[in-house]
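Below you'll find the structure, written out as structure tokens, and then a few comments.
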Amino acid sequence: MKRIVQVFASLTAVLWSATSLAIAEPAKGGVIDVATIGEPPTLDPMASTADLVGIITQHMFETLYTFDAKWGVTPLLAADMPQISADGLTYTIPLRAGVKFHDGNPMTSADVVASLQRWMKIATRGKQAAETITGIEAVDDSAVKITLSKPFAPLLALLSLNNAAAIIVPAANAAEEPLATFVGTGPYMLKERKPDQFIQLVRFDGYVSRDGEPDGYGGARKQYLDEIRFVPVPDPNTRVEGAVAGQFAYVDQLPVESFERVSGGKTEAILLKPFGWPVFVMNTKEGLNSDIRVRKAIQAALAPEDMLLAAFGSTDFFSVDGAMYPESYAWHTEAGTEPYKPAGDTEVAAALLKEAGYDGSKPLRILTSRQYEFHYKMAQVAQAYLEQAGFKVQLDVVEWATLTKNRADPALWDIYITHSPFLPEPSLNGFMSDTTPGWWATDAKHKAVEAFNNESDQAKRAKLYEDVQKVIYDEAPIYKVGNFNALAAQSPDLEGVPPAPWPYFWNAYFEKK
């Protein structure tokens, strides 16, 4: 059995296919094993932008807002959308009553204030927001107020995302750095973690769900399952065989070339199309890539068509596209994409290297992992083209958890390879922040991004995004390889799990036979 989920990619189009619960309330019970790409580097979602961290911890911790099925911001721990002052500088956020933490204590405005202050201090997205936030205070026990120095359109989206996330924790725990007490408000709570074996979450019986129907990551969150176990399976072939054998209820991030094999097995193959984009992040802070001429040489040398073909095998699973967002997105523009050449241009790259005075004595270090096998395959092709242009290339292949740790140290790498779903707000992309690994911070960037972030009108923002994309190509802090589809597998008996970039299992249940 196989299911292809076409992801329509405008901000107003449905991302998730409709998944309705049975008319009769599903019975509670059951345990699921979810195979993930590896061991998460942390269970503190403020401290990491890794999708793996967000996938797991979104069941334990919650944010004030989240995204609905059309990628709109919707309340989660907030009682409603904020009251925004006429000048766009004050957001007053009402809080839901009766919300409890896993320790049984009620959530208060003091917890929210302490949590958001922690977020601004340690989370890359929080630091990004902190550049415009001048104050966070409790209005009373049931509301908080955020004051800005200037209008900042991405604020609610930043408060909604599940990685580098603005989670709400008890005020006493907000002082922990790193977080050591994993107490949230989510529908499931941590029972046990055995590194490299499993992370066991169990139902939180004190959970207070929103009313209404499920709506993407928003709406009602029902707790039908007794237990969710996230099992690290770093080897992609082992994940494939586990999916074929029906060993897991859900298997994340399968190599797309295994689509037909998985389709013939005991689980249902799910293809999300399009899913996102692979990206090479440049270390602009120090080392070889602190020189823009070297970054431009890399930009010229890489051949995205060959990289994508090696990574995904068939155009059924990728498209060669230099625009940061595909055509069906509101943010799509071709502005500035002229340097994106499907076949690359090693002669131009060699000339840029000569201009930069690069003599090949220092290797270009590419940090990657085989847990996402397509990352590694792209790295191999990139190495060949970069060497042809005159680079000496060193591939540093590590576990994903090690990569997310090492990328925080600018002395350890020149490029690291990652990927992302197409995010509903461009400023959610990590490189839009000056403090995320890569550390891209220039006057041209600040001018384009500030104009984009200060504008609240959606049509005007889309036009201003052209300037953002132009400066990305002009300064080459990243290299977008193209668009790709993602493959997962799910037990045919498991219901209530809409295909999503960060799969979630509240509302999941086993179908009665």
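Could you check, for region 313-333, whether at least one of its residues is polar (S, T, N, Q) and surrounded by 22 or more Cβ atoms within 10 Å (Cβ to Cβ)? No, because not a single residue in region 313-333 is polar (S, T, N, Q) and surrounded by 22 or more Cβ atoms within 10 Å (Cβ to Cβ).
Could you say whether any residue in region 184-206 is of a type in the set (S, T, N, Q), crowded, with 19+ Cβ neighbours inside 10 Å and either assigned to a helix (DSSP H, G or I) or touching a residue at least 40 places away in the same chain (Cβ under 8 Å) (or both)? The answer is yes; a qualifying residue exists.
Looking only at region 57-78, which residues are in a loop (DSSP other than H, G, I, E, B) and either touching a Cys at 6+ places or on another chain (Cβ under 8 Å) or of a type in the set (G, A, S) (or both)?
Pass one, region 57-78, residues in a loop (DSSP other than H, G, I, E, B): 58-62, 64, 68-72, 76-77.
Selection gives A69, G72.
Applying the condition of being of a type in the set (S, T, Y) and outside any loop (DSSP other than H, G, I, E, B) to region 115-170 and asking which residue is nearest to G88 (Cα to Cα) yields T147.
For region 424-438, what are the residues that are farther than 14 Å from A123 by Cα and at pLDDT 95 or above? Give the derivation first.
Here is the first cut: in region 424-438, the ones farther than 14 Å from A123 by Cα are 424-427, 438.
Listed by number, the residues that qualify are E425, P426, S427, G438.
Kindly provide the set of residues from region 112-143 that are of a type in the set (S, T, Y) and under 21 Å from the mean Cα position of the chain (by Cα), ordered by number. First the steps, then the outcome.
Applying the first criterion (of a type in the set (S, T, Y)) to region 112-143 yields 115, 124, 132, 134, 142.
Passing the criteria: S115, T124.
Candidates K463, K512, K470, K480: the one that is at pLDDT below 95 and among the basic types (K, R) is K512.
Checking each residue in region 157-178 for being touching a strand residue (DSSP E or B) at 6+ places or on another chain (Cβ under 9 Å) and surrounded by fewer than 22 Cβ atoms within 10 Å (Cβ to Cβ) picks out only A157. Could you tell me whether any residue of region 291-306 is under 30 Å from M189 (Cα atoms), more than 22 Å from the chain's Cα centre (by Cα) and buried (at least 19 other Cβ atoms within 10 Å of the Cβ)? There is no residue in region 291-306 that is under 30 Å from M189 (Cα atoms), more than 22 Å from the chain's Cα centre (by Cα) and buried (at least 19 other Cβ atoms within 10 Å of the Cβ).
What's the total number of residues in region 368-419 that are of a type in the set (G, A, S) and buried (at least 18 other Cβ atoms within 10 Å of the Cβ)?
Residues flagged as of a type in the set (G, A, S) and buried (at least 18 other Cβ atoms within 10 Å of the Cβ) within region 368-419 amount to 6.
Of everything in region 354-368 that is in contact (Cβ under 8 Å) with a residue 40 or more places away in the chain and under 31 Å from the mean Cα position of the chain (by Cα), the residue that is farthest from Y416 (Cα to Cα) is L364.
Between Y376, Y325, Y340, Y358, the distinction of being among the hydroxyl-bearing types (S, T, Y), at pLDDT 95 or above and assigned to a helix (DSSP H, G or I) belongs to Y376 only.
The values are calculated or read from the model by the stated rules, or taken from the named source; none is laboratory data. It should be emphasised that the depicted structure is a prediction, and the values quoted were computed from it without experimental measurement. Glycine gets a Cβ as well: all are built from the backbone with ideal geometry, and neighbour counts include every protein chain shown.
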